Amino acid sequence: MSIGADLVDLTTGMRGSDAEGGAPPGATGAVSGWRRTALTFAQNRLALVGVALLLLIVLFSFVGPLVYHTDQVRTNFAQADLAPGTDGHPLGTDSSGYDVLGRLMAGGQTSLIVGFAAAALAALVGSIYGAIAGFAGKAADTVLMRFVDGCLSIPQLLVVIILATIFIPSRFSLVIVIAAISWFPTARLVRGEALRIVRLDYVEASKSAGSRGRWILFRHILPNSIGVIVVSATFQVATAILLVASLSFLGLGIPPPAASWGGMLSTGLQYIYDGYWWMIYPAGLLIVLTIMACNFIGDGLRDAFEARLQRR
């Protein structure tokens with residue numbers, strides 16, 4: 001999955017006239033503006049459904065194991081391939097004897113931690129890179145963005161597979177690998193915002209007053225690009241979770257006994273013709289629901305920030 005048209009729409013929806021950013025961060029009415037943005041988001045039913053879904057999945061993954069105790073480290077072949085409801089296993093067991101329900105909880109922890117951490121790191125790197133490109137001037141901007149365009153032309157999954165075979169699989173290495181190839185769309189979006197912001201009156205006044213580039217970058221450009229950054233990061237979470245699942249499905253994820261939804265799906269497909277549906281569909285359903293939730297939230301945030309700019 002790529003960020004796609006949802007993020008491309010931000011470049012038009014979140015640009016406005018120069019008057020939009022005519023006041024520096026902290027100006028009168030900023031709090032009420034954010035409050036109206038939150039209210040607009042709250043009026044989006046799909047966005048609220050996404051928040052509820054994501055919250056339930058987070059609770060299932062991190063609070064569930066505190067209530068439903070299972071052993072996800074040691075195999076138990078005597079309990080392998082049990083049907084749902086057998087011997088106290090609500091969703092049965094897999095081919096190694098692991099409780100499937102407990103396995104889904106453990107796999108959710110891996111997918112969510114890696115997904116959110118990779119998205120946050122990608123948003124951080126992409127935001128700073130894009131802000132620098134938009135502020136540095138035409139020559140530097142051309143060089144920096146041609147590098148981004150070249151990287152975006154390479155298939156994302158191919159690069160992830162190559163990097164995943166080089167580094168030892170772990171949560172940390174997956175975060176680094178996924179973030180390393182996911183920050184380019186954010187950089188392009190923030191660069192577009194930076195090109196608009198640097199032309200505003202208060203930025204020109206700050207330059208005339210002798211403010212350093214670092215001050216302008218972190219005091220004016222990045223704070224006024226927060227809408228683009230937040231929406232981009234939300235979609236990046238969905239992309240990162242799908243990449244984690246893809247790598248695990250291909251056998252390049254975190255090795256057993258660590259669990260992941262993609263790894264469970266890959267293992268379950270070996271028994272697709274044997275009727276062991278509980279090894280396949282629950283993990284696939286959780287992947288789909290998580291990605292849908294992130295996309296619903298991203299759509300809601302995008303619409304809320306667009307409405308805020310239109311009001312301004």
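Here, each number is a calculation from the coordinates, and none is a lab measurement. Predicted model only: the values in this text are computed from it and were never measured. Note that we place each Cβ from the backbone using ideal geometry, even for glycine, and neighbour counts take in every protein chain shown.
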Label residue 161 and residue 74 with points 7 Å out from Cα along Cα→Cβ: what is the distance between them in nm?
-> 3.8
Pairs of Cα atoms under 8 Å, at least six residues apart: use those to get the relative contact order of the chain, whole percent.
-> 31
The size of the Cβ-based charge dipole (Lys, Arg +1; Asp, Glu -1) of the chain about the Cα centre, to the nearest 20 debye, is 1300
Return the sequence-ordered ³J(HN,Hα) values of the range 163-168 in whole Hz as given by the Karplus equation 6.51 cos²θ - 1.76 cosθ + 1.60 applied to θ = phi - 60°, using x for Gly and Pro.
-> 5, 5, 7, 7, 8, 5
The range 70-124 versus the range 248-312: alpha-carbon centroid distance in Å = 14
In a GNM of the chain with a 10 Å cut-off on Cα contacts, which of 142, 93, 290 has the highest mean-square fluctuation?
-> 142
Over all directions, average the projected area of the Cα convex hull of the range 74-218 and note it in nm².
-> 12.7
Mind grabbing the base-10 log of I(q)/I(0) for the range 104-189 at q = 0.21 Å⁻¹? Debye formula, identical points on the C-alpha positions, no solvent, two decimal places.
-> -0.98
If you project the alpha carbons of the chain onto their three principal axes, what span does each projection cover, largest first, in Å?
-> 76, 42, 29
Would you pull out the residues with amide H under 5 Å of residue 97's amide H, same chain only if 5 or more places away, H placed 1.01 Å from N?
-> 76, 81
Report ³J(HN,Hα) in whole Hz for each residue of the range 225-231, in order, from the Karplus equation J = 6.51 cos²θ - 1.76 cosθ + 1.60 where θ = phi - 60°; Gly and Pro get x.
-> 9, 4, x, 4, 5, 5, 5
For the range 142-151, 3J(HN,Hα) per residue [Karplus equation, 6.51 cos²θ - 1.76 cosθ + 1.60, θ = phi - 60°, Hz, x = Gly/Pro] = 4, 5, 5, 7, 5, 5, 5, 4, x, 5
R0 of 22 Å, Cβ-Cβ distance residue 176-residue 152: FRET efficiency to nearest 0.05 | 0.70
By counting other Cβ atoms within 10 Å of each Cβ, how are 68, 129 ranked from fewest to most?
-> 68, 129
